[in-house]
Structures are given as structure tokens and as C-alpha cells.
Amino acid sequence: MALIATINPLLTTGWFKGDAGWSLKDYEARGGYAQLKRILSTKMTQDDLIAEVKKSVLRGRGGAGFPTGLKWSFMPKAAPEKYVVCNTDEGEPGTFKDRDLMRFDPHSVIEGMIIAGYAVGAKLGYNYIHGEIFEIYQRFEEALDQARAAGYLGNNILGSDFSFDLFAHHGWGAYICGEETGLLESIEGKKGQPRYKPPFPANFGLYGKPTTINNTETFAAIPFILGMGGEAYLNLGKPNNGGTKLFSVSGHVNRPGNYEVPMGTPFAKLLEMAGGMRGGRKLKAVIPGGSSAPVLPADVMMDCTMDYDSIAKAGSMLGSGAVIVMDETVCMVKALERLSYFYYEESCGQCTPCREGSGWLYRVVHRIEHGEGRAEDLDLLNRVTDNMMGKTICALADAAAFPVRSFIKHFKSEFEYHIENKKCLVDPEIQRAGSGFFKVGAA
Amino acid sequence: MNNQYDMLSPEALRKIDREVAKYPADQKQSAVMAALVIAQDEKGWLPKETIAAVASYLGMAPIAAYEVASFYNMYDLQPVGKYKLTVCTNLPCALSGGVHAADYVKEKLGIDFNETTADGKFTLKEGECMGACGDAPVMLVNNKRMCSFMLPEQIDKLLAECE
Ligand SMILES: Cc1cc2nc3c(=O)[nH]c(=O)nc-3n(C[C@H](O)[C@H](O)[C@H](O)COP(=O)(O)O)c2cc1C
Ligand code: SF4
Ligand code: FES
């Protein structure tokens with residue numbers, strides 16, 4: 001997917017040449033690796049570097065929005081063996097920004113990771129890449145070879161006394177490996193089952209050693225932040241919501257794709273950049289932060305700006321920045337059924353509330369969708385979610401519960417109609433036309 | 001007697017060695033995911049003996065490698081057709097035709113999810129989000145090749161290309 005539109009390109013500066021602009025010489029030509037060189041030649045201190053990142057108020061782009069500079073400062077200084085890990089296990093339904101970042105500008109991720117290694121005192125890093133994007137994994141390995149040949153990776157980088165090496169590790173089909181401790185288990189060559197926290201990765205991470213783990217987009221932002229200064233980056237966005245962010249817009253818009261906009265950009269503007277609603281149809285609902293975020297009805301969403309605080313205030317989460325747009329052709333029961341199936345399928349099974357609860361949620365939503373719903377089912381669904389949220393090792397159980405609760409909350413009458421009339425409120429023919437798969441007029 | 005690794009070609013072992021070299025010397029097991037993919041590519045799927053051979057090469061218990069092979073969705077523990085097609089039907093894709101694309105393939109090939117055509121050519125799988133929802137409908141061919149914007153014409157073309 002080539003870039004279509006942006007305001008203030010930072011992360012996307014390298015995207016305009018499509019697949020022809022990713023290599024080392026292109027990245028260097030647009031100022032790439034200059035920040036790494038500056039840090040090494042001026043012998044910048046780790047504390048100054050982390051302070052600059054803190055100033056930018058960069059918040060983790062993987063979903064939780066945790067301040068990156070603060071996370072880096074948790075790494076114990078004295079530990080002899082530490083790691084930096086990048087989370088490119090992008091599997092949150094609706095999210096496809098890290099794939100394009102890695103495709104069009106892999107060196108920005110590499111430079112960001114090397115700088116992170118310098119800041120936290122790590123000598124080795126891994127980038128964990130979603131198994132489904134194997135072609136991107138191969139490109140990243142090529143980019144690593146380029147960086148190594150140019151002296152940006154390995155021993156005594158650019159003649160300094162700083163050494164850091166970086167390797168790619170691929171997944172092979174497990175959403176749960178996006179959860180940071182599941183991911184670490186997976187790099188260790190095990191099932192990707194999340195660990196109890198605490199201890200957090202900064203104390204007990206990869207191979208039991210202190211580890212900093214960040215999302216791909218988080219690392220990619222680092223060279224830009226250091227280039228313009230933390231404060232200037234913060235000011236691109238709004239207070240407490242620094243910088244720009246990639247939004248993956250999918251669903252019923254004319255131009256699905258990735259859009260980089262300053263934090264605080266009105267949703268209406270983003271929708272317009274994505275070409276507006278497909279076929280000029282009416283907006284019904286938006287999931288603003290990946291499938292795990294609560295759904296918001298059209299009118300609430302149209303009043304939001306795209307930043308952590310505004311979306312949280314509206315009752316949802318900015319999450320990974322995946323904006324799933326649904327128009328009036330969508331049956332909300334069917335939409336929820338597919339999401340509930342996903343969490344049931346991907347639960348790693350360690351915790352009873354998640355393993356059993358996700359199955360219950362899917363089966364009950366399924367029976368409502370298939371005309372076998374019972375009057376008490378909506379209460380039942382809410383009760384099951386009560387028994388899941390906050391009661392498990394990782395947040396997948398909450399991620400399974402949020403869609404269920406929010407779909408019922410905002411579209412209750414549609415669920416009730418289904419249960420009473422044993423069919424969809426939205427005519428199946430209208431639903432079928434919504435996807436655009438079939439040519440208009442064709443059977 | 002032949003050694004236990006001759007189930008994997010020297011070429012495959014060389015590729016596995018390259019993976020092992022990415023990790024600290026005492027963490028060979030980290031290479032198991034990549035090694036199983038290399039083995040699966042060579043054998044077409046992962047019989048138990050192949051998994052055991054990979055485990056033994058990496059110095060891990062066979063059960064530990066089997067646990068990995070059975071946890072991750074893209075390892076094939078049963079034989080599959082020459083072309084394994086995985087269609088993403090998750091919600092963001094479904095909004096732009098993911099489910100309809102899967103239905104279309106089912107009808108063209110006369111098989112359902114998790115089935116293989118009688119001639120052994122195609123296996124169809126239902127996939128979860130591949131991180132490419134902007135390109136919906138999307139489809140993976142043999143795990144590694146992603147095909148974007150798979151509307152009827154593109155699907156026809158893809159199926160015709162598969163020899
Ligand atoms: C079920 C689940 C799936 C997740 N998937 C991803 C993912 O695909 N990519 C990602 O960066 N973070 C994902 N996360 C969040 C990570 O656990 C972690 O917070 C993140 O990688 C930290 O990086 P950041 O601070 O830069 O955002 C997931 C979390 C959960 C609970
Ligand atoms: S909450 Fe679910 S996915 Fe997370 S560790 Fe528990 S069972 Fe596994
Ligand atoms: S939902 Fe199909 S690729 Fe994301």
C-alpha cells in the first residue's frame with residue numbers, strides 16, 4: 001500500500017518512493033543514521049539521551065501508550081547483559097502500520113533500536129516479526145546486512161567503543177506473541193505463553209535478563225525525535241500526546257491505508273483523508289484502536305480527535321491506531337461474532353477465565369447471530385465478561401471482553417432484535433453489497 | 001548407520017546453522033521456530049520424525065519442539081496440498097470482502113476450510129489478521145507469499161497460475 005496523504009510527514013518521509021526507497025543509501029540520503037553518528041561522536045550520555053526522549057512525551061505505539069523514555073529509565077544500569085527487543089508481531093485486527101514501516105523504511109527501525117541499545121546499555125537486540133509477513137522479514141534481513149556492512153552494527157560501531165548487534169526473529173501464526181512476555185518466550189524457542197508480571201521485562205526479560213521492548217513505530221520515531229528535539233516533537237501533537245502517529249484505516253472508506261497525522265487531528269479530517277465513506281454511505285460505528293478497543297457509535301466518534309486522551313474520554317482506547325470504519329451495511333451482531341471467534345481461537349489457554357470465558361462469549365454471540373439467542377443472553381454475556389476482566393495473566397481476556405460489552409452497550413436494540421426476530425436487522429442483501437467484493441449488478 | 005539428521009538436507013542444515021548463529025551460544029533452542037519452517041518447506045509438512053530430527057539437531061527434547069510446532073498456526077502437522085491458500089476473514093478484511101473471497105475460492109475449488117482438493121493441489125485455510133487489512137481481501141500462498149486486493153478476477157488469475 002503506497003502512501004496516499006499525510007500532514008507533517010516524519011515516519012512516512014521515506015515512503016514516497018514506494019518499494020524503491022527503502023535501502024541504506026536512500027535512508028542516508030534523507031538524513032538517516034545522522035542521529036546515531038551524532039550520539040557517538042559527541043559521546044552523549046545515556047541520561048541526556050533518555051531525558052530527550054522523555055521530553056518528547058513519546059508514548060508506546062504498540063497499544064498501551066506507556067511513556068517510552070520512562071520505560072527506558074527502568075533498565076538497571078549495572079547489569080552486564082541486557083537486550084533490546086522490537087515488537088513487529090503486528091496481529092491486532094485492523095493494524096497494518098508496522099508492516100508498511102518495515103517495508104518502506106526498515107532502517108529507521110534499525111537506527112531507533114541501535115540508539116535504544118545505547119541508551120539502556122544493551123549489546124544485542126532482536127526484532128520479532130509477524131510470521132504472516134515473511135517477505136517483509138526477508139527485506140529486514142537484507143537491511144540488517146546493509147547496516148552491518150556499513151559499520152552501523154557490530155563491534156565498535158563507527159569506530160566508537162559502543163558495540164551492538166541486531167537480528168530478526170519471525171513468528172509463525174500466534175496473535176498472543178504480540179503480548180510482550182509471550183513474545184519473549186517465543187524468542188526463547190517456546191510456546192508464546194505470557195508470563196506473570198511482575199517481574200517486568202526491564203528486570204527479567206529475554207533469557208531472564210533486563211530487556212527493553214517497544215513497538216516498531218516507537219523505535220522508528222526515535223531518530224526523528226532526536227533530529228528535531230524532544231520539545232519540537234511534542235509540540236507537533238498536543239500536551240501529553242506528543243508527535244505524529246500512523247493510523248491504519250480499514251473497512252468502509254474509499255481509500256483504506258496508513259495515514260500519518262499529528263496527534264490531536266480530528267477524526268473527521270482523517271476520514272476525509274481516507275477518501276470518505278465508501279459509496280457515500282452513512283457511518284455507523286468505528287473501532288478506533290484495533291479490535292481490542294471498545295466500539296464507538298458514529299456521532300461520538302465524529303466529535304473525537306485522534307489522540308490518547310480524547311479517545312479515552314469517549315470511552316475507548318487509541319490502542320495501536322487501527323481505525324476500523326463500519327457503515328450502515330454492517331450487522332453488529334455478525335461483526336462481534338467474528339471478533340469473539342478471534343479471541344477464542346487465539347487465547348493461549350493458561351488462564352481459566354480467558355480460556356473458558358472466550359469460548360462462552362463466542363458461542364453465545366454465535367447463537368444470537370444464528371437465530372438461537374435467548375432473552376437472558378445479553379445479561380449472560382455481560383456476566384461472563386465480569387468474570388474475565390482483570391482476572392488473568394495478560395490483557396487478552398480484557399481484549400476479548402471490551403468488544404462484547406461495548407457492542408451490546410451501544411447497539412443493544414440490534415442484539416435484542418436478533419434475539420426476538422431470529423434474523424438480522426440489516427437486510428442480508430444490503431450486508432452482502434457492503435463489502436464491494438461483488439460487482440454492482442452481478443449475482 | 002545413517003546419522004539421525006539425514007532426514008534434512010545439507011542445504012536445510014546450513015540454513016538452520018545460520019539461524020542458530022543469531023542467538024547466544026547457550027540459546028540454540030531460540031532457532032527452533034525458524035528451523036521448523038525450514039524443515040516444513042523441505043518436507044511439505046511436519047511429520048513427527050522431522051520435528052524430532054529438528055529437536056535433536058538443536059539439542060532439545062522432541063516434546064519441546066513438538067509443543068512449538070503445535071502451538072503456532074502455520075506449522076502443518078498434517079499433509080497439505082501443493083498450494084496452501086490462507087484467506088483472512090477477520091472483521092477488518094470482512095468489511096472489504098474477506099469472507100466473500102473465501103466463499104468464492106470454496107466454490108471454485110469445491111472444498112471447505114481445512115480440506116484439500118482431490119488432486120492434492122490446493123488446501124484452503126481460514127486465517128486471522130495478517131497485518132495487511134488495508135489490502136483486503138488478502139490471502140497467503142504457502143505461508144510466505146502475500147496476495148493483496150483479491151477480488152474475483154485476481155483470484156481467478158492466481159488459481160490459474162498455480163500449476
Ligand atoms: C494480546 C496482546 C497483543 C498485543 N499485540 C501487540 C502487537 O502486535 N504489537 C505491539 O507492539 N504490541 C502489542 N501488544 C502490547 C505489548 O504487550 C507491549 O505493550 C508493547 O509491545 C510495548 O511497546 P510500546 O511501549 O512501544 O508500545 C499486545 C498486548 C496484548 C495484551
Ligand atoms: S489471559 Fe488468555 S491469552 Fe493471556 S495468558 Fe491468560 S489464557 Fe493466555
Ligand atoms: S483483518 Fe485481514 S489482514 Fe487484518
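Can you work out which of the residues in the range A:244-259 that are facing chain B (nearest Cβ under 7 Å) and in a strand (DSSP E or B) is farthest from A:L58 (Cα to Cα)?
A:G251
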| said: Among the residues of the range A:291-347, what is the count of those that are part of a helix (DSSP H, G or I), under 22 Å from A:A433 (Cα atoms) and away from every other protein chain (no Cβ under 14 Å)? | reply: 1
| field | Hits in the range B:125-163 (condition: surrounded by 16 or more Cβ atoms within 10 Å (Cβ to Cβ), touching a residue at least 24 places away in the same chain (Cβ under 8 Å), part of a loop (DSSP other than H, G, I, E, B) and not acidic (D, E)) | value | B:C129, B:M130, B:A132, B:A136, B:P137, B:V138, B:N142, B:N143, B:M150, B:L151
| said: Take the conditions within 16 Å of ligand 3 (Cβ to nearest atom), under 25 Å from A:F247 (Cα atoms) and not in a loop (DSSP other than H, G, I, E, B) and apply them to A:M113. Does it pass? | reply: no
| query | What number of residues in the range A:101-137 are surrounded by fewer than 24 Cβ atoms within 10 Å (Cβ to Cβ) and of a type in the set (D, E)? | reply | 1
| message | Give me the residue from the range A:212-230 that is of a type in the set (V, I, T) and closer than 15 Å to A:D89 by Cβ and, out of that set, surrounded by the most Cβ atoms within 10 Å (Cβ to Cβ). | response | A:T216
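Taking A:L378, is it away from ligand 1 (no atom under 16 Å from the Cβ) and either more than 14 Å from chain B (Cβ to nearest Cβ) or within 25 Å of A:G192 (Cα to Cα) (or both)? Show your work before the answer.
Details: away from ligand 1 (no atom under 16 Å from the Cβ): yes; either more than 14 Å from chain B (Cβ to nearest Cβ) or within 25 Å of A:G192 (Cα to Cα) (or both): yes.
Against the criterion (away from ligand 1 (no atom under 16 Å from the Cβ) and either more than 14 Å from chain B (Cβ to nearest Cβ) or within 25 Å of A:G192 (Cα to Cα) (or both)), A:L378 qualifies.
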| Residue count, the range A:363-421 (criterion: under 20 Å from A:S292 (Cβ atoms), touching an Asp or Glu at 6+ places or on another chain (Cβ under 6 Å) and surrounded by 20 or more Cβ atoms within 10 Å (Cβ to Cβ)) | 3
| said: Restricting to the range A:67-101, and then to whatever is out of contact with any strand residue (DSSP E or B) (no Cβ under 6 Å at 6 or more places or on another chain) and facing chain B (nearest Cβ under 10 Å), can you tell me which residue is nearest to A:I136 (Cα to Cα)? | reply: A:R99
| task | Give me the pairs, please: first residue somewhere in the range A:390-402 and touching a residue at least 12 places away in the same chain (Cβ under 8 Å) and within 13 Å of A:E356 (Cα to Cα), second residue anywhere and near ligand 1 (Cβ under 10 Å from one of its atoms) and among the hydroxyl-bearing types (S, T, Y), beta-carbon distance under 6 Å, and either six or more positions apart or on two chains. | result | A:A400/A:Y343
| message | Can you report the number of residues in the range A:102-126 which are within 11 Å of chain B (Cβ to nearest Cβ) and either free of Cβ contacts under 8 Å to residues at least 40 places away in the same chain or in contact with a Ser or Thr (Cβ under 7 Å, 6 or more places away or on another chain) (or both)? | response | 2
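State which residue is nearest to the other protein chains (Cβ to nearest Cβ) when the search covers only the range A:382-436 and only residues that are away from ligand 2 (no atom under 12 Å from the Cβ), of a type in the set (K, R) and in a loop (DSSP other than H, G, I, E, B).
First pass over the range A:382-436, keeping only residues away from ligand 2 (no atom under 12 Å from the Cβ): A:382-387, A:402-436.
Retained after the next criterion (residues that are of a type in the set (K, R)): A:383, A:405, A:409, A:412, A:422-423, A:432.
Still in the running and in a loop (DSSP other than H, G, I, E, B): A:422-423.
Details: A:K422: 21, A:K423: 18 Å.
Within the range A:382-436, the match that is nearest to the other protein chains (Cβ to nearest Cβ) is A:K423.
Take the residues in the range B:77-124 that are among the polar types (S, T, N, Q) and more than 14 Å from every other protein chain (Cβ to nearest Cβ); name whichever of them is farthest from B:D156 (Cα to Cα). Even if it seems obvious, please write down each step before you answer.
Here is the first cut: in the range B:77-124, the ones among the polar types (S, T, N, Q) are B:78, B:86, B:89-90, B:96, B:114, B:116-117, B:123.
Within this subset, residues satisfying the condition of being more than 14 Å from every other protein chain (Cβ to nearest Cβ) are B:78, B:116-117, B:123.
Numbers: B:Q78: 27, B:T116: 18, B:T117: 16, B:T123: 16 Å.
Taking the candidates together, the pick is B:Q78.
Which of the residues belonging to the range A:188-231 are among the small types (G, A, S) and part of a helix (DSSP H, G or I)?
A:G208, A:A220, A:A221, A:G227, A:G230 - these are the residues of the range A:188-231 that are among the small types (G, A, S) and part of a helix (DSSP H, G or I).
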| Those residues of the range B:36-54 which are small (G, A, S) and more than 14 Å from every other protein chain (Cβ to nearest Cβ), in sequence order | B:G44, B:A52, B:A53
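No lab work stands behind these numbers, since they all come straight from the coordinates. This structure is a prediction, so every number in the text was calculated from the model and none was measured. Backbone-built Cβ (ideal geometry, glycine too); neighbour counts: all protein chains shown.
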